[in-house]
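Remarks on the structure that follows.
Derivation of every value follows stated rules applied to the coordinates shown; laboratory data play no part. Computed from a predicted model, the values in this text were never measured in an experiment. With ideal geometry, Cβ positions are generated from the backbone for all residues, glycine too; neighbour counts draw on all protein chains shown.
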């Protein structure tokens, strides 16, 4: 819901930050892998109940996720880059709830499972529509220039990041956060199925 609006705010500073990195030869794919490593480190920290370091590493992961796209727009978008970006993003998005489950299985296990279950709905509806959009030559730049079609919804990347940040700031409330956001994710899945039905039939 917020991704399109946020892009207009974050793209200019990301372009400025990424330019010297691109000029020094850092590739978009290497930036993606650095961000992924930071995301794995965030998972490890959260699993050990080190929530403040986990939050810092998660924010760095998100920064590098923004930088890889900015570098790609300067050096040229690629199918491999788009593939790595979305796959590794989804691994971290689902990995953070899993880390909360590891941190406190009794309190967080079931809510984390429900949240990851809900990510299957948002993730598959998003990616399946992108495949069909590519077959039909559909495109959009509402969320910036991307390697694949980004179908919007109530719970997009921005909302997911905000929820994961909230969980790190208030780990005792993770179960409540997970149940609420998981339900909103299923609402997003339903609206995406409706949009796909109207567009593709």
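Computed from the coordinates I sent, Cα extents along the principal axes in Å equals one of (1) 57, 33, 25; (2) 49, 38, 36; (3) 47, 46, 26. Tell me the label. Given (1) 57, 33, 25; (2) 49, 38, 36; (3) 47, 46, 26, the structure-derived one carries the label (3). Sorting 132, 43 from the fewest to the most surrounding beta carbons within 10 angstrom yields 132, 43. Ordered by the number of other Cβ atoms lying within 10 Å of each residue's own Cβ, fewest first, 87, 163 fall into the sequence 87, 163.
Remark: relative contact order (the chain) = 26 percent; criterion is Cα-Cα distance under 8 angstrom and separation of 6 or more residues. Using the rule -39500 (n - 2.57) for each DSSP H run of four or more residues, divided by the residues of the chain, the 222 nm mean residue ellipticity is -28500 deg cm²/dmol.
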